[in-house]
Amino acid sequence: MSTRTIAVRYSSRFLVSASAALLVAVAGQAVAGSGAGGSAAGPNEERTIGKVNATSLYLRAGVVDASVPRGGLEMLAGQAGRFVIQLDGPMTPARRAALAEAGVELGDYLPINSYIATFSQADADALAGLGFVRWHSPFDQAWKLAPDLGARRMTTNDRLFFEGLGVSALFVDLFEDADVAEAVQAILALNDETEVVSIGSVGTQPQLHVLAPTAIVEQLATIEGVQFVEDAPELTMRNATTTWIIQSNINGQTPLWDAGLHGEGQILGHIDSKININHCSFKDPEGDPPGPDHRKIVAYNAPLGSDFHGTHTAGTAAGDNGVNGDTRGMAYMAKIAFDTIPSFSENGFYNMLVQHEGQGARVHTNSWGNDGTTNYDGMTRAIDRFSYDYEDNLVAFAVTNQTLLKNPENAKNVLAVGASRDTPSQHQHCTGGRGPTSDGRRKPEVYAPGCSTRSANSSSSCSTTTATGTSMASPAVSGIGLLVRQYFDEGYYPSGAANGVDGFIPSGALIKGSLINASVDMTGVSGYPSNTEGWGRLLADNALYFVGDTRMLWTMDVRNASGMNTGESIEYPIDVTGVGEQFRVTMVFTDPAASSGANFAAINDLDLEVVSPSGSLYKGNVFSGGVSVTGGTKDDRNNVEQVHLDFPELGTWTVRVNGVAVNVGTQGYALIVTGEVAEPDDCVADFNGDGTVDTTDVLAFLNAWNAGDSSADINGDGEVNSQDVLAFLNLWNAGC
């Protein structure tokens with residue numbers, strides 16, 4: 001399907017496409033030399049990082065060798081400028097306090113175990129005592145330039161026009177503490193033809209949009225306040241049976257709808273080309289304009305218009321003309337906050353997501369992307385930063401329709417969606433680039449039908465048409481994401497029926513984890529899980545318990561403010577009561593955005609472990625033959641980890657979350673456990689409630705027994721006597 005290009009004014013001298021970002025073709029390769037920081041390996045955009053070395057820096061400019069320790073940290077006290085320090089292990093609260101006490105101001109985390117730092121206020125004696133800082137270096141100018149500047153092959157007429165002019169369109173990220181005005185003046189002073197088009201920020205980091213002659217691009221690295229320079233991306237589109245396939249995979253059965261989940265009270269964030277609001281899937285019967293009173297569109301943050309792609313994807317997610325047909329989307333009672341595809345800027349995209357969040361959206365669907373790179377860049381950082389800053393939200397993206405995974409579906413916190421075939425071949429791959437990401441993370445994650453998907457036709461008042469692509473799968477999954485959110489919001493958990501007093505606002509991690517936990521192997525794709533099908537095709541009923549189901553649900557949603565530090569571990573006991581259902585444990589956490597210029601995106605590392613009643617240990621993401629196996633190596637980079645077992649032991653299992661490395665903040669997480677499971681009864685032998693069964697519990701019990709306290713009536717016969725002593729000691733000897 002072709003994408004309509006609309007020319008709009010970008011600046012006083014140049015035009016860009018509204019459906020694609022500014023494109024630059026810069027002659028030559030950016031320098032990634034050694035300089036003060038150590039040697040940098042030559043980059044390869046299709047390279048995948050394997051096992052990481054804790055004595056290296058993984059930057060977009062290359063891998064910096066930091067294997068030789070550098071002492072003399074005290075010599076940096078009072079020095080101006082920015083440095084990088086590397087610790088001998090993950091950050092801890094005690095280490096953070098010691099650095100602050102020494103006067104070290106930390107900036108962004110850099111992989112591995114490293115930080116940008118300033119020492120202008122540092123104390124030399126205190127620095128000398130920081131033995132855990134193993135290496136340091138001035139921040140090298142070579143690290144400021146993306147190695148693929150000008151190397152991408154652009155395709156749109158707009159971008160080719162800029163190439164002909166010898167002009168580069170760039171993201172220029174500044175250090176958080178940089179003097180923005182001073183940096184702007186220094187950039188403008190490089191050349192009379194250089195233009196700073198806009199000044200913005202994402203969080204606390206300033207970001208500039210710069211048009212500059214290609215010949216001077218590398219000179220930007222000489223400016224003190226500049227942290228990283230990269231090309232602006234090129235953004236392009238990624239273009240009735242689906243409803244039952246992704247709910248139950250049984251023809252005509254829609255258990256989520258049948259239980260009362262249709263999207264009531266939910267709002268979808270939809271960024272795409274324009275929606276035809278006069279199509280019956282969206283039209284307001286009273287003629288109200290888009291806004292709070294409109295029956296479907298709560299916000300239309302762009303001039304009204306009509307486009308095939310945006311109308312079709314919106315219809316799949318949340319369209320409804322009042323009948324159960326092809327004009328009814330997955331969350332057909334939900335509403336939509338809409339905007340067109342953003343400009344190329346990180347802060348522009350971030351602010352658009354924030355705007356939709358402010359208009360009530362908590363699940364966001366996107367069916368466009370940048371097929372020119374696999375890098376972790378400004379667009380991916382915008383997703384990860386938004387997801388971390390607004391942790392009630394989930395952002396979904398259609399993966400590329402090309403062979404290999406691209407951008408920004410390679411963000412950490414995004415839900416990356418590919419397209420399966422439609423019935424009767426929904427077990428087969430239709431389209432979607434395969435992973436992993438360049439730093440070795442598993443993407444895509446879930447699939448939904450996207451071949452010949454029927455939805456609203458923008459060129460009519462109420463007809464439908466078919467389209468094929470991952471563009472059609474992402475809104476279907478996002479619509480189900482709204483129903484999952486409604487499930488928790490309206491208190492369906494844990495009873496299986498709506499009960500307002502049980503309702504709570506789920507995190508984006510819990511919604512994402514529920515969708516992943518529910519997904520099943522696409523048998524037409526070899527290997528499971530894999531970097532082709534991810535965790536499989538969505539089958540939503542697998543992860544949501546309704547009254548009468550044999551498949552049960554247990555979940556835990558821990559927000560970042562209450563999360564873990566390095567070295568901490570939390571355990572949850574779960575009873576497996578039957579083997580008729582596969583036992584699944586899913587852990588998802590929302591990781592902070594990686595630093596501008598980092599090439600290994602993971603910052604915090606939580607690990608999932610699941611221990612059987614007999615002591616067998618299963619590590620997250622260690623699979624063979626489609627199920628979990630013992631042994632293997634812990635996963636050090638994915639923020640989604642799972643354990644799947646077909647025939648679990650009966651009895652009490654232990655689900656454990658380990659805080660291996662929490663380098664930024666405290667890290668929350670979501671756990672989703674499904675199968676024939678239940679929370680175990682209270683451990684009576686832990687009489688003092690300290691979480692451990694030991695001799696102190698015997699003493700506590702005997703004190704209560706001697707006092708005749710009712711808590712010592714262990715056998716529940718209404719009397720406190722010697723039979724209770726025997727009952728307690730039997731439980732104590734059994735460990736619970």
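Since every read-out is calculated from the coordinates, none of them should be taken as a lab result. All of these numbers come straight from a predicted model, not from anything done at the bench. Don't worry about glycine lacking a Cβ; one is built from the backbone with ideal geometry, like all the others, and counts go over all protein chains shown.
The table that follows gives values for the structure above.
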read-out	value
Whole-number percent relative contact order across the range 35-143, with pairs defined as alpha carbons under 8 Å at least 6 apart	37
Whole-Hz couplings from phi, Karplus 6.51/-1.76/1.60, listed for the range 94-103; x for Gly and Pro	5, 5, 4, 5, 5, 5, 5, 5, 7, x
Relative contact order of the range 552-678, defined on C-alpha pairs under 8 angstrom at six or more residues apart (%)	50
17 Å cut-off, amide nitrogen to a point 7 angstrom out along residue 730 Cα→Cβ, residues in the range 674-713	683-686, 712-713
Dipole of the chain [Lys/Arg +1, Asp/Glu -1 at C-beta], most positive-end residue of 253, 113, 525	525
Placed amide H near residue 110: partners under 5 Å, 5+ positions off or other chain	115, 116
Cα-centre dipole for the range 173-304 with unit charges at Cβ (Lys and Arg positive, Asp and Glu negative), debye to 20	1020
Using a Förster distance of 30 Å, the FRET efficiency for residue 499-residue 681 (Cβ separation, nearest 0.05)	0.85
Computed E for residue 402/residue 216 - FRET, C-beta separation, R0 51 angstrom, nearest 0.05	0.95
Bridge type composition, the chain - antiparallel percent by DSSP, nearest 5	80
Positive-pole candidate from 84, 334, 608, dipole of the chain, charges at beta carbon	334
Leading residue at positive end of dipole, the range 267-356 (Cβ point charges), from 319, 306, 273	319
All aspartates and glutamates inside 14 Å of residue 634 as judged from Cα atoms, apart from same-chain residues fewer than 8 positions distant	605, 607, 609
Set of lysines with alpha-carbon distance to residue 335 below 22 Å, sequence-local pairs under 8 removed	274, 283, 296, 512
Whole-Hz couplings from phi, Karplus 6.51/-1.76/1.60, listed for the range 258-263; x for Gly and Pro	4, 7, x, 9, 10, x
Net dipole in debye of the range 150-231 [+1 Lys, Arg Cβ; -1 Asp, Glu Cβ; about Cα centre; nearest 20]	400
For residue 139, distant residues with modelled amide H under 5 Å away	82, 83, 84
Simple Cβ-charge dipole of the chain, Lys/Arg +1 and Asp/Glu -1, about Cα centre, in debye nearest 20	2780
Nonlocal amide H pairs with residue 268, under 5 Å, H built at 1.01 Å	335, 336, 337
FRET efficiency, residue 165 to residue 459 (Cβ-Cβ, R0 30 Å, nearest 0.05)	0.25
Potential lengthening between residue 295 and residue 562 on full extension [0.36 nm per residue; Cα-Cα distance subtracted]	92.3 nm
Table column - 3J(HN,Hα) (Hz), the range 137-148, Karplus curve with 6.51, -1.76, 1.60, x for Gly and Pro	7, x, 6, 6, 4, 5, 7, 8, 10, 5, x, 9
Among beta bridges that DSSP assigns inside the range 216-372, antiparallel share in %, nearest 5	15
Relative contact order (percent, whole number), the range 695-734, Cα cutoff 8 Å, 6+ residue spacing	25
Spin-label pair residue 88/residue 425, simplified geometry with 7 Å Cα→Cβ offset, distance in nm	6.0
